[in-house]
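Novice: I have a structure I would like to understand better, so I am pasting it below and will then ask my questions one at a time.
Just so it is clear, none of the values below were taken in a lab; they were calculated from the coordinates. No experiment lies behind these values; they were computed from the predicted model shown. Counting neighbours? That spans all protein chains shown, and the Cβs are built from the backbone with ideal geometry, glycine included.
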Amino acid sequence: MTGRAPGIAWISRDDPPDAFPPVDQAFREPDGLLAAGGDLSAARLLYAYRHGIFPWYDDGQPILWWSPDPRCVLVPQEFHLARRLRRSLRSSGLEVSFNSAFDEVIEACAAHREGQSGTWITEDMNKAFKAMHRDGFTHSVDVWRGGALIGGLYGLSIGSVFFGESMFSRESNASKAGMLALCGELAERHFELLDCQVDSPHLSSLGAKLIPRSEFARILAKACKSGGCLELPTGVRRPISDYLPE
């Protein structure tokens with residue numbers, strides 16, 4: 001999309017952070033396209049995520065804002081761990097940390113992947129999420145083998161919802177290990193949801209499910225009221241076996 005699509009709401013950089021149309025006005029095709037334009041300021045991003053809206057666009061496009069229906073979510077306490085995966089992780093020797101390698105994780109998520117023509121993590125997105133990390137809003141899960149970063153994921157935390165953005169894996173099951181550790185920490189802190197945005201077989205295998213956008217919006221209205229930053233055991237590497245059930 002390079003020109004102005006008919007019927008789409010356009011936001012100016014000078015518009016206030018809340019200058020989004022109601023999410024129920026999002027397009028059905030493409031599913032969830034709500035608005036275009038604006039900027040990636042922390043104030044606009046925080047407002048957007050609190051209301052079930054996220055940016056997703058390619059280089060050369062205006063910023064595109066989305067709110068798909070239904071929404072893919074994962075309840076941290078319902079993370080599903082198949083027996084085979086449990087056995088594999090127990091003997092894997094993997095370690096997990098939080099926020100120890102945020103810049104490296106987002107760079108790895110933005111890197112070119114086989115079968116993809118580009119990345120939606122543009123340079124502006126990269127800079128915006130790194131800035132929000134310095135302010136304590138965005139977090140990374142870092143998966144290690146020895147001294148090598150071999151997987152991870154990052155996202156945004158508001159209230160008792162973690163909004164997952166992207167993940168990467170350089171070894172089999174590395175991103176699943178990251179999801180396991182994140183859900184363990186979120187469950188311990190009584191988080192209500194891990195937002196996965198759009199479903200995939202990978203996420204479904206871990207217990208993610210689809211819920212109506214209207215239900216998701218109701219949950220956010222309550223769960224995102226508290227604005228405290230998520231406190232994670234930053235700088236400490238733990239064996240992935242610590243997160244496995246007995």
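Novice: Note the angle between two axes, namely the Cα long axis of helix 174-188 and the longest principal axis of the Cα atoms of the chain, as a number of degrees from 0 to 90, rounded to the nearest 10.
Specialist: The angle comes out at about 80 degrees.
Novice: Under a Cβ-only charge scheme (Lys and Arg +1, Asp and Glu -1), can you give me the dipole magnitude of the chain about the Cα centre, in debye to the nearest 20?
Specialist: 680
Novice: If you fit an axis through the alpha-carbon atoms of helix 123-134 and take the longest principal axis of the Cα set of the chain, what angle between them do you get, 0 to 90°, nearest 10?
Specialist: With both axes taken from Cα atoms, the answer is about 60 degrees.
Novice: Grab the Cα-Cα distance for ARG218 and GLU107, subtract it from 0.36 nm times how many residues apart they are, and report the gain in nm with one decimal. Show your work: numbers first, answer last.
Specialist: Values: separation 111, 0.36 × 111 = 39.96 nm, distance 3.32 nm.
Working it through step by step, the gained length comes to 36.6 nm.
Novice: Evaluate the charge dipole of segment 9-68 about its Cα centre and quote only its size in Debye, nearest 20, assuming +1 on the Cβ of each Lys and Arg and -1 on the Cβ of each Asp and Glu.
Specialist: For segment 9-68, the charge dipole is close to 160 debye.
Novice: Name the residue, out of HIS51, HIS133, HIS202, whose mean-square fluctuation peaks in a Gaussian network model built on the chain with Cα pairs under 10 Å.
Specialist: Comparing HIS51, HIS133, HIS202 in a Gaussian network model of the chain, the most mobile one is HIS202.
Novice: Let me ask something additional. Consider the candidate values (i) 18.3; (ii) 12.9; (iii) 13.6; state which one is mean projected area of the Cα convex hull in nm² computed from the structure displayed.
Specialist: (ii)
Novice: Moving to a separate point now. Place +1 on the Cβ of every Lys and Arg and -1 on the Cβ of every Asp and Glu in segment 72-243, take the dipole about the Cα centre, and give the residue among ALA217, SER157, SER204 whose Cα lies farthest towards its positive end.
Specialist: Of the candidates, SER204 comes out farthest on the positive side.
Novice: Can you tell me the dipole magnitude for segment 1-142 around its Cα centre, using point charges on the Cβ only (Lys, Arg +1; Asp, Glu -1), in Debye to the nearest 20?
Specialist: Magnitude of the dipole: close to 680 debye.
Novice: Which whole-number percentage describes the relative contact order of segment 9-68, with Cα contacts under 8 Å and a sequence gap of 6 or more?
Specialist: Answer for segment 9-68 is 37 percent.
Novice: Select from ALA111, SER41, LEU85 the residue farthest towards the positive end of the dipole of the chain; place +1 on Cβ of Lys and Arg, -1 on Cβ of Asp and Glu, and compute about the Cα centre.
Specialist: LEU85
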